[in-house]
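S.K.: Below is a structure I'd like to ask you about.
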Amino acid sequence: MSRRRKITRAGGVCLALCGALLLVRGVAPPIAAGIGSSHAVFDRQERLLRLSLTADDKYRLRLELEAMAPALVDATLLHEDRGFYRHPGVNPVALGRAFYLTYVSGGRRVGGSTITMQLARILWRLDSRTLGGKLVQVARALELELLYSKRDILTAYLNLAPYGGNIEGAGAASLIYFGKEASRLSVAEALTLAVIPQSPSRRAPASSQTLAGARRRLFTRYLAFHPDCELEVQALAVATHKPGELPFLAPHFVDAAIRRAPERPTLFTTLDLELQQSLERHVRAYVARQRAFGIDNAAALLVDWRDMSIVAEVGSAAFFDAAIQGQVSGTTAKRSPGSALKPFIYALAIDQGLIHPLSVLKDTAKSFGGYDPENFDSDFAGPLYARDALIKSRNVPAVALATKLASPSLYGLLRQAGIAGLKDEAHYGLSLVLGSAEVTMRELAGLYAMLANGGELRPLVVEPGSALPVGVRLLSPEAAFAALDMLRSNPRPQQVFASDWTRDRLAVAWKTGTSHGFRDAWSVGVFGPYVLAVWLGRFDGQGRPAFVGARAAAPLFFEIVDSVRAERAEVARVSPPRPRGLARVEVCADSGDLAGPHCRRKVQTWFLPGKSPIRVCQVHREVLVDVRSGLRACAPSAFTRPEVFEFWPSDLLALFAKAGVPRRLPPQDAPGCSIVARATHGMPPEITSPEEGVDYSLRSRAVGEDTVPLTAVTDADVRSVFWFVDEALVGSATRGEPLFWTPKPGSFTVRVVDDQGRSDAKSVKVVVVR
């Protein structure tokens, strides 16, 4: 009975000790906690882009044991500590032998250290050449064995062992000396690394005279334990590299990848090194050619819209050029996009049923609550398709559409897209249409990718193998496709022929942008499976006349497009799919509305059933003409015949006349025709001045002298208009001409009536300022 109690008590003590050991190991911090790691960044084909230095200027890459070749682990144990898994951290026999040879017989100094002891010396920076230092090393080794598993100790050693110069750890040594990951080492390469830590200064491959002999001796022992190894002695010599030969590729992309995941020492990315180097060559060469014109910096970004992976990213023309602040990345810096945001106004307008691609918009002088946009060429184009207004980047049609957008507005779309740093919508006003809100190139490329992905915005991806990111729907698939198709009609710079004249042409849906003050020149677009964004400018914000999107950024954009197409055959075979809900309809070529019975020219356009406007053409109207007088007849008779006339509004008629393209106006009405009947047909006048919601200010000393112009757009059959203020007649004016009103302070209703009896009215407030 007494014997049984003793056994039970001993068992309890043993269990308690085991539990305490497990508890201690559970709360112990990682062995190498606080020791920094380098970052190894690879492209999508696992080619090294960069191995970074740590804060203490070491190449030291933290790896798990599974990430190291088995041959490296076996060779290291064989060379350094064959009894590693059998001793408690200290090998008494080896220590005794070392003590005798070093201090008793007076022979050469022998260490006798186990891997655990060597790790202790590295971690606590011990001087183990003295007897006192050796005793501390032994104590620390026993401490490590108590707190950590053999696996943890071996992993830490292989991550911290010296491999020559400022290279620590097998992970960094493998990349530097052999240009490959530690998991892919051959037996010869593993043997080479295994012998270095014992004498790193003499056996480092770059300057070694003793490496070959040590490796050969280890190989002999290795064969004894691995008889199936087919390596020959002659194959032991392997080609090695120096730290100075490490690559430094895609610097802006790599910097961003490291900032994104600073805790991860090894990063595999989506970058395609061939495409990256191609973009870099084009950017450098283009900037060199254009330097004489004031262009000294550029950035470019290539994204595969199918999985949203960044495949190439050039942040500046020269990373190490301080004169252009080359280490700033043009892909992540906030810049004004200029007109590069306009496609999203048109896409929203299509989605909200305001237009279809061939709706006719007016590019005429117009004021929007005191905001008077002008075009880049300081002229107006008159009537033009929405498609052409977009690709020609006309400002007035874009602003006019933006004022009609419901929810979301352009600002709302940018907010939903997660554009960072947006101010309140009131801060931008209508200038947002022209790019007053700053975006990054990555954000802008994401928006264009959204069009290719059927209106679904997805985040950019920099790591391969990631699940397809969950998106946010900003547009219907139909509106996104239609907007992208409009951009495909944009001809290349200097192109004087129609794109469909060429065989095997590559469809490129693209848009340019020029910021206010000529600070930024953009070209962004979709071709094949890619979104490409190009920017030219200066990071100091200095404007230059050369920074015009169509003239500066577009040529570089198409150089890259053509280069990628030549290198990747798949480009011509990929395009965004057409949504099922999109239809083709026939519209009048002149008005863009559904073709009426008198439309002679008809064209087809994309149409969103249930959304797109269904107005019937009102430009072509049949009029009864009295053959005797040539006047418009009141009713049919034996002396009348029907004729078709084009009824254009007065502001467009003025532009036609200015361009030397007069239109045939409908005839005047015959005397006696009822104005009541005429007032029910045609387009009523539209007051353009004064503007609704605008307070007009009078100088106190000029009351009775300051005037407000009264203007209106009228139908083509109008010859004169009559102006009223609070039912009092102010006067009349010829179609298209202003009438000047001398107001007094107060609130008024201004009304215009054309000579056909149609009218419009607006409220206006006049205030006195001192």
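The values are calculated or read from the model by the stated rules, or taken from the named source; none is laboratory data. Everything quoted here is computed from the prediction, not taken from an experiment. Because the Cβ atoms are built from the backbone with ideal geometry, glycine has one as well, and the counts that use them run over all protein chains shown. Note: areas computed on protein heavy atoms with side chains; ligands, DNA, RNA excluded. Shrake-Rupley method; radii C 1.70, N 1.55, O 1.52, S 1.80 Å.
S.K.: Kindly indicate whether A261 is within 25 Å of the chain's Cα centre (by Cα), open to solvent by less than 70 Å² (accessible area, probe 1.4 Å) and within 26 Å of D307 (Cα to Cα).
M.R.: Yes, satisfied.
S.K.: Which of the helices (runs of 4 or more DSSP H) found entirely inside the stretch 192-279 contain at least 2 residues meeting this: farther than 23 Å from A317 by Cα and out of contact with any helix residue (DSSP H, G or I) (no Cβ under 6 Å at 6 or more places or on another chain)?
M.R.: Numbers: elements: 200-203, 211-225, 251-260.
Of the helices (runs of 4 or more DSSP H) lying wholly inside the stretch 192-279, those with at least 2 residues that are farther than 23 Å from A317 by Cα and out of contact with any helix residue (DSSP H, G or I) (no Cβ under 6 Å at 6 or more places or on another chain) span 200-203, 211-225.
S.K.: Oh, and also: Residues that are closer than 22 Å to L361 by Cα, in a loop (DSSP other than H, G, I, E, B), open to solvent by 60 Å² or more (accessible area, probe 1.4 Å) and of a type in the set (A, V, I, L, M, F, W, C): does the stretch 637-646 have at least one?
M.R.: no
S.K.: Could I ask something else about it? Which residues, counting only those in the stretch 573-608, are open to solvent by 60 Å² or more (accessible area, probe 1.4 Å), in contact (Cβ under 8 Å) with a residue 40 or more places away in the chain and not in a loop (DSSP other than H, G, I, E, B)?
M.R.: If the condition is that a residue be open to solvent by 60 Å² or more (accessible area, probe 1.4 Å), in contact (Cβ under 8 Å) with a residue 40 or more places away in the chain and not in a loop (DSSP other than H, G, I, E, B), then R573 is the only one that fits.
S.K.: I345 - would you say it is in contact with a Phe, Trp or Tyr (Cβ under 9 Å, 6 or more places away or on another chain) and touching a residue at least 24 places away in the same chain (Cβ under 8 Å)?
M.R.: The answer is no for I345.
S.K.: Can you find a residue that is modelled with pLDDT of 90 or more and open to solvent by less than 40 Å² (accessible area, probe 1.4 Å) anywhere in the stretch 674-687?
M.R.: To start, the set of residues in the stretch 674-687 that are modelled with pLDDT of 90 or more comprises 684-687.
With the extra rule that they be open to solvent by less than 40 Å² (accessible area, probe 1.4 Å), the set shrinks to 685, 687.
Taking every residue of the stretch 674-687 in turn, at least one turns out to be modelled with pLDDT of 90 or more and open to solvent by less than 40 Å² (accessible area, probe 1.4 Å).
S.K.: Follow-up. Could you run through the stretch 362-379 and say how many residues are of a type in the set (A, V, I, L, M, F, W, C), under 33 Å from the mean Cα position of the chain (by Cα) and in a loop (DSSP other than H, G, I, E, B)?
M.R.: The total comes to 1.
S.K.: Within the stretch 532-552, identify whether any single residue is open to solvent by less than 50 Å² (accessible area, probe 1.4 Å), aliphatic (A, V, I, L, M), more than 24 Å from G294 (Cβ to Cβ) and in a loop (DSSP other than H, G, I, E, B), and answer yes or no.
M.R.: no
S.K.: Quick one: A317 ticks every box in (1) assigned to a loop (DSSP other than H, G, I, E, B); (2) surrounded by fewer than 24 Cβ atoms within 10 Å (Cβ to Cβ); (3) in contact with a helix residue (DSSP H, G or I) (Cβ under 9 Å, 6 or more places away or on another chain) except a single one, so which number is it?
M.R.: Here A317 clears every test but (2).
S.K.: If you don't mind, another one. Being of a type in the set (K, R) and open to solvent by 20 Å² or more (accessible area, probe 1.4 Å) is true for just one of K366, K342. Which residue is that?
M.R.: K366 is the lone residue from the list that is of a type in the set (K, R) and open to solvent by 20 Å² or more (accessible area, probe 1.4 Å).
S.K.: Something else now. Criterion first (at pLDDT below 90 and either over 27 Å from L267 (Cβ atoms) or hydroxyl-bearing (S, T, Y) (or both)) does Q198 satisfy it?
M.R.: Working: at pLDDT below 90: no; either over 27 Å from L267 (Cβ atoms) or hydroxyl-bearing (S, T, Y) (or both): yes.
Answer is no for this residue.
S.K.: Right, another one. Hey, among the residues in the stretch 32-86 that are among the charged types (D, E, K, R) and open to solvent by less than 20 Å² (accessible area, probe 1.4 Å), which one's nearest to K150 (Cα to Cα)?
M.R.: If we take residues in the stretch 32-86 being among the charged types (D, E, K, R) and open to solvent by less than 20 Å² (accessible area, probe 1.4 Å), then D81 is nearest to K150 (Cα to Cα).
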